Structures are given as structure tokens and as C-alpha cells.
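Beneath this line is the structure, given in C-alpha cells, with notes to follow.
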Amino acid sequence: MSDQAASSSEAAVERPTSAAEADPVRATPYAYYALALLVLANIFNYIDRQIVSIAAQGLKADLGLTDSELGFLLGTAFAVFYGVVGIAMGRIADSLSRTRLLTVGISLWSAMTTLSGFAGGFAGLASARLGVGIGEAVANPCAHSLLSQYFPPRNRSAVLATYNLGPHLGGALALAGGGLLLQHWGTICQALPGQACHLANWRAVFLIVGAPGLILAVLMALLREPARRLPPRRRSVAGLIGHEMSAAVPPFTFFNLFQIGGAGAVVGNLVFAAVLALAAMGLIALTGDWPQWAAVAVGVYSVVTWAGVLQRRDPPLYALTFGCTTFRLVAAGSALTNCVLGAAQAWSPTYMIRVLGASPGETGLKLGVTGAITAGLSVVLGGLVCDWWKRYDPRAPVWIVLIGLVTPIPAFLFMLHAKDVPAFVTAYAAFMFLAMTWAGGIGAMVQDLVLTRMRGTASASFSLVLILVGSSIGPYWAGKISTLTGSLTTGLYSILALAPIAAVLLVMGARRLGKDTLEARLARARAAGEDI
């Protein structure tokens, strides 16, 4: 492919409709400050999200949890409400100040992490984790949209890859810092005033981890909002947020559907809800895990309903996202990839503590530092390679996802065969380096597929599928098989059954992406009513 063609492919459907929307020619120093602040927000995001992984064994012992319940807390409790709120958050981010939304989101997820330290049982902890998911749903749509305005298209994969260092640095800090706090809390608390030593170590970890986010929220409130064309607003801020939430949150969805589609739309949606409820009840009867399947049913209902609302409310946006076969195939394949890799990563600290007898401090420090270095290198190198590869093949982002799915499997198998901590950590390093190459490239591909005004919603749409499927199924699946068999090793082996399905979906998506030209996407947007 020529450089000119590659440039056209990279720009995708990004023809600005006003000077305010034009992509920058080069990045300014302030753009790099914004990138640094958003990376920091993503780090805090993932510290609060991943802290449960290192505390899981203590939670199980103190609160009497099963591995199925731990799997729910590690993934589903966070993921479903992250997805449900994230559905609406993309549209909200395309209509309101993204920096103010981020300020509110950071404040909320930090506060809910702190409240997790006061949980008295499974229900209280699950409720707090739902709140963390709601707050963190703000992050990616706003950050991706902001960074895509601060930086030119030619740098977008590398910039989004840098932003995606956040999960790995945040996860590393959660493991290393959380593990050391867990192990040494008995000593640390003696230097603190009051009755600090009466707190269980895992409760102290949640309290300490949640507090610094409130300082970051102040810095985010001061970040400059780039100029852009906003859609006409006919509602107050509260009215707009309520209106967008009603497109995904039951039972308000019925009123929204009636307004835009009449009684027929409501009846069709009720039938879908009834079928979904019956399926959930069947899975609950089979597994006994009603929180898991009730939450998954809510998430699936919300995604499908919102896609229907989007089709009626914004046909061009629907045509370039859920109405696009390329988007659907790549999202499904990436979500199942996330299922496999996410389950392995989420359960690794518990596996090392439970099976290999490592202490929380040793586990957190070794996995945290190893993960930060190897995954950080992987993310940045993956973004750079993707930017280079896209010059010759527009399907490069999808091929990198496929590579990130297949190549880590041998390292994962070595992890499960490790007989001691050094062998496990070495295999974990290889796993993380090979598994984390794809985040920047696939994020940039989603941004490239849509118009500038749609970037926040497109990012939210793609992210919600990855999070809802990957986080709500992967950790629970491994935990459930572990509960049934009494072996966490068997639970982790079982998740590999999803890898072939993911690979097939990705190959199909890559083939579609190779044929889905800029002109074809512009034509679909025009046919759906976009004024380009």
C-alpha cells in the first residue's frame, strides 16, 4: 500500500465540518501535559480496579467467599455497571465538557474504593465495586476523545498506546503497593494515630488506595478543554445525562423507546427482555450464582437496547459502529481475547499465593514490577509497530490483536506448570510482554472508523463490549470451574477454550477491514443521513 493510501486509511472518516474540529498538524507541549495527566488518571483508574486481585485471598478468608464470588468481584461486579454507564457516557462525552466529566468520574470511583474498606460482606463489597465501575466508565470515552483532538492522526496509535500504559502501571502499583501494605500493615498501623491497628489489612488497603484520587480530580478540573463543534443541546446538563442514561438503564429504556419508536419498539424490547430473563433464570438454576447471571443479563439487555436506540436516534453513528460488520466482528474477537487474557491476569496473584505459597508482599512486588516493565514495553512497542505496519496494511491493528491472543498461550501454560515462584514469575513476564501489544492499535482503529463528532461514543461502544464480555465472563468462568473442581489450575486451563473462537472472529474481522475503504465508510454515513 502506498503512503498516500495509508494516510487516507489512517484518517478514515475524519473530515472535519468546521475549523474547530480540524486535526492538529503537530502536537504542542500542552498536548503532552494533557497526555501525562490522562495517563495518570488511567493509572489511578486501574489501581482502584485491580486492588481486589491482591486482596482476594484475604477477602475470601475474612468474609467467607467462594471462588465463584471472588470471580464476580474480580470482574462482573465492576464490568456490568461500567458497561451500562459507559454506553451512555460516550454520547455524553460528545456533548459535554470531557474534563468536567472526568473530574466527577475520578471523584466517584475514588470515593467508592474507599467505601469498599467498610464492607461487611459479599453484598456490601459488590455494591461498592458497582460504584467503582460507574465512576470509571467516564475515563476512556473522555480520554480517547481528548487525545484524538490534542494529537494528529499519524501519532494516534502511539499516543493511545502510551495512554494504555495506565492499566499496566496501575495494575503494578495495585499489586506491589497493595501486597506490601497487606503484609506489613501490622507494623505500619502502629505509627498511625487512633485505632488504626483494629482495621483488617485488606480494609486498610482500600482506604489508603482510594484517597489520592481526590487530589487528581482537582488537577483534572483545571485541564483545558479543546474547542470542538457540539451538537445542539435542548436539555439541561442533568436532563441530557438522564436522557442518555434512559437509553440503557432499565426500566427507563421503555420510555425512551416509546418516544422514538412507539408502542411497537416497546413490545419488541419487552419480548427480548423476557427471553433474556428466561435465559438468565436457566443459568441461575444451573449454577446457583444469581448475582452473576442477573448482572450479565442487565448488561446484555442494556447493550442491545442501546444499540436499537442509537439506530433510531443517530443513524450515521449506528452505521459506523454497531451497524458495521467490521466493527462487530473485531469487537467480538477482541472481547473474547480480553476474556482469555483478563482471566489469566486477574487470577495470577491469587494463584501465586494459594498454589505456590508466596506471601502477599512477595507476590505483589514481583508480579507488579514484572508486569509494569514487560506490559509497558509491550504496549508502547505494539503501538509503534502498528503505526508502521498500517502504512502497508490497514488490517494491522486486528492482526496485532490476533498475535496478542495466540503467542502468550505457551507462556500461560508454563505459568500453570511452574513448581516455584521464580519459574512462575519468569513465565508471567513472557505472558505479559506477548499479551499486551494490541491496546493502542485497536483503540486508534476505532477512532479512525468514525467521524470526529462520534469519537467518544465509538470508544465507549467498543470498550463496553470488551469490558462487559472480557471482565464479566473471564474471571467468573475461571472461578466457577475452580469452585466446581476444587482446583484453580483447572479453572485457569478451562478459559483457553475461548481462544479458537476469538481467533476465527478476528480473522473474519481483518478480512472485512481490508475491504472496508474510506469511501465505503463515507458512503454509509451519507446514506444514513450524515451531512458530509
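No value in this document is a laboratory result; all are computed from the given coordinates. For clarity, every value in this text was computed on a predicted model and none was experimentally measured. Methodologically, a virtual Cβ is constructed for each residue, glycine included, from the backbone with ideal geometry; neighbour enumeration extends over all protein chains shown.
Using a/c under 1.5 as the rounded threshold, could you call the range 251-352 rounded, prolate or oblate? The axes a ≥ b ≥ c are square roots of the C-alpha gyration tensor eigenvalues, and prolate needs a/b larger than b/c, oblate otherwise. Cα axes put the range 251-352 in the oblate bin. Oblate is the label for the range 198-326, because a/c, from the alpha-carbon gyration tensor with a ≥ b ≥ c as root eigenvalues, is 1.5 or above and a/b does not exceed b/c.
Rounded to the nearest 10 degrees, the angle from helix 518-527 to the longest Cα principal axis of the chain is 70 degrees. When +1 charges are put on Lys and Arg Cβ atoms and -1 charges on Asp and Glu Cβ atoms, the dipole computed for the chain relative to its Cα centre reaches about 800 debye.
Helix-only arithmetic for the chain: the sum of -39500 (n - 2.57) across DSSP H runs with n ≥ 4, divided by the residue total, places the mean residue ellipticity at 222 nm at -25500 deg cm²/dmol. Converting phi to 3J(HN,Hα) with the Karplus coefficients 6.51, -1.76 and 1.60 and the offset θ = phi - 60°, the range 505-514 yields 4, 5, 4, 4, x, 5, 4, 5, 4, x Hz in sequence order, with x at every glycine or proline.
Pairs of Cα atoms nearer than 8 Å and 6+ residues apart set the relative contact order; for the chain it is 29 percent.
For the range 326-334, 3J(HN,Hα) computed residue by residue from phi via the Karplus equation (6.51, -1.76, 1.60; θ = phi - 60°) reads 4, 4, 5, 5, 5, 5, 5, x, 5 Hz, glycine and proline entered as x. Note down the relative contact order for the range 246-313 as a percent, whole number, built from C-alpha pairs under 8 angstrom at least six residues apart. Once normalised by length, the contact order is 44 percent.
Ranked by the mean number of other Cβ atoms within 10 Å per residue, highest first, peptides 322-330, 173-181 order as 173-181, 322-330. Taking label positions 7 Å along the Cα-Cβ direction at both PHE252 and ALA211, the computed distance is 3.4 nm, reported to one decimal.
Protection proxy ranking of 195-202, 161-168, by the mean of other Cβ atoms within 10 Å over each peptide's residues and highest first, is 161-168, 195-202. Exposure proxy ranking for LEU73, LEU207, based on other Cβ atoms within 10 angstrom of each Cβ and starting from the fewest, stands as LEU207, LEU73. In a DSSP loop and with at most 14 other Cβ atoms within 10 Å, the trypsin sites (Lys or Arg not before Pro) in the range 391-456 are LYS419.
The peptide list 79-86, 262-269, 240-247, 153-160, put in order of mean Cβ contacts within 10 Å with the highest first, becomes 79-86, 153-160, 240-247, 262-269. Determine the relative contact order of the range 352-479: mean sequence separation of Cα pairs under 8 Å and six or more apart, normalised by residue count, in whole percent. The value is 30 percent. Applying a 4.7 Å cutoff between beta carbons, the unpaired cysteines of the chain are CYS142, CYS324, CYS339, CYS386. I'd like to know which of LEU402, LEU522, VAL132 lies farthest towards the positive end of the charge dipole of the chain, counting +1 on Cβ of Lys and Arg and -1 on Cβ of Asp and Glu. Towards the positive end, the residue furthest out is LEU522. In degrees, nearest 10, range 0 to 90: what is the angle between the Cα axis of helix 77-93 and the longest Cα principal axis of the chain? The answer is roughly 30 degrees.
Shown for the chain: lysine pairs separated by 8 or more places, or found on different chains, whose C-alpha atoms are under 28 Å apart, numbering 7.
Calculated FRET efficiency, LEU413 to THR517, Cβ-Cβ distance, R0 = 35 Å: about 0.30 to the nearest 0.05. The angle between the Cα long axis of helix 360-389 and the main principal axis of the chain comes to about 20°, on a 0 to 90 degree scale. The candidate values are (i) 17; (ii) 13; (iii) 31; the one derived from this structure for percent of Cα pairs over 43 Å apart carries the label (ii).
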